[in-house]
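First the structure, in the form of structure tokens, and then the observations on it.
The values are calculated or read from the model by the stated rules, or taken from the named source; none is laboratory data. As the structure is a prediction and not an experimental result, all values here were calculated from the model. All Cβ positions, even for glycine, are placed from backbone atoms using ideal geometry, and neighbour counts span all protein chains on display. Please note that ligands, DNA and RNA were not included when accessible areas were found on the heavy atoms of the full protein model with its side chains. Shrake-Rupley method; radii C 1.70, N 1.55, O 1.52, S 1.80 Å.
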Amino acid sequence: MKFMLIWRATDEGKASMADADFGQMLEIMGRYNDELIRAGVLLAAEGLDDAQEGVVVDFSTEPPLVTDGPYGETKELFGGFYILNVASKEEAVEWAKRAPSFGPGFKTEIRRVTTIDEFPQDNEWIQKERAWREKTGQL
């Protein structure tokens, strides 16, 4: 099963990292990444740019409203993610608990990634997506 581990940080958590040594952070995360790789469970891992550099498309209006930066009421923002291929949710939780901790203000959300096999296979759009996934080596 695939699970996404989503790194989240509050404003206070992000502020606590402002003076952190970037080389040391890379070392800490690199060791964790290497552990995931050696265990054969890592499928993807990416960090996200600062939310201030993002764009929000809000579908509350017609046409959708596009604004720069994150939602104004955001208390926690996603900072990056991992996608793991593990046997169970419990194993995903164990990997998340082993991740480097940067202290208060940081959390990891764990969500199962659904697969194309869970959708109606007789649907035209699912069939087209399946063909694309097979062509690109994703299935």
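Quick notes on this structure:
- Label positions at Lys107 and Met25, each projected 7 Å from the Cα along the C-beta direction, are separated by 2.1 nm.
- The relative contact order of the chain, computed from alpha carbon pairs under 8 Å that lie at least 6 residues apart in sequence, is 42 percent.
- Accessible surface of the chain, 1.4 Å probe: 54 percent of it comes from carbon and sulfur atoms.
- Distance between the pseudo-spin-label points of Asn33 and Ser60 (7 Å out from Cα toward the beta carbon): 3.7 nm.
- Based on C-alpha pairs under 8 angstrom that are at least 6 apart in sequence, region 1-76 has a relative contact order of 28 percent.
- Asp34 - accessible surface, heavy atoms, 1.4 Å probe, Å² rounded to 10: 70
- Lysines whose Cα lies under 29 Å from that of Lys97, excluding same-chain neighbours fewer than 8 positions away: Lys2, Lys14, Lys75, Lys89, Lys107
- Modelled FRET efficiency - R0 22 Å, Val93 with Leu43, Cβ distances, 0.05 increments: 0.80
- Within the chain, helix-based [θ] at 222 nm, where runs of 4 or more DSSP H residues each add -39,500 (n - 2.57), nearest 500: -10000 deg cm²/dmol
- Site pair Thr67 and Ala15 shows an inter-label distance of 2.2 nm when each label is modelled 7 Å from Cα along Cα→Cβ.
- Rounded to two decimals, the Cα radius of gyration of region 6-139 over 2.2 N^0.38 Å is 1.30.
- In a simple Cβ point-charge model (Lys, Arg +1; Asp, Glu -1; nothing else charged), region 4-139 has a dipole of about 540 debye relative to its Cα centre.
- Of the GluC sites (Glu not before Pro) found in region 56-132, those in coil by DSSP whose Cβ has at most 10 other Cβ atoms within 10 Å are Glu73.
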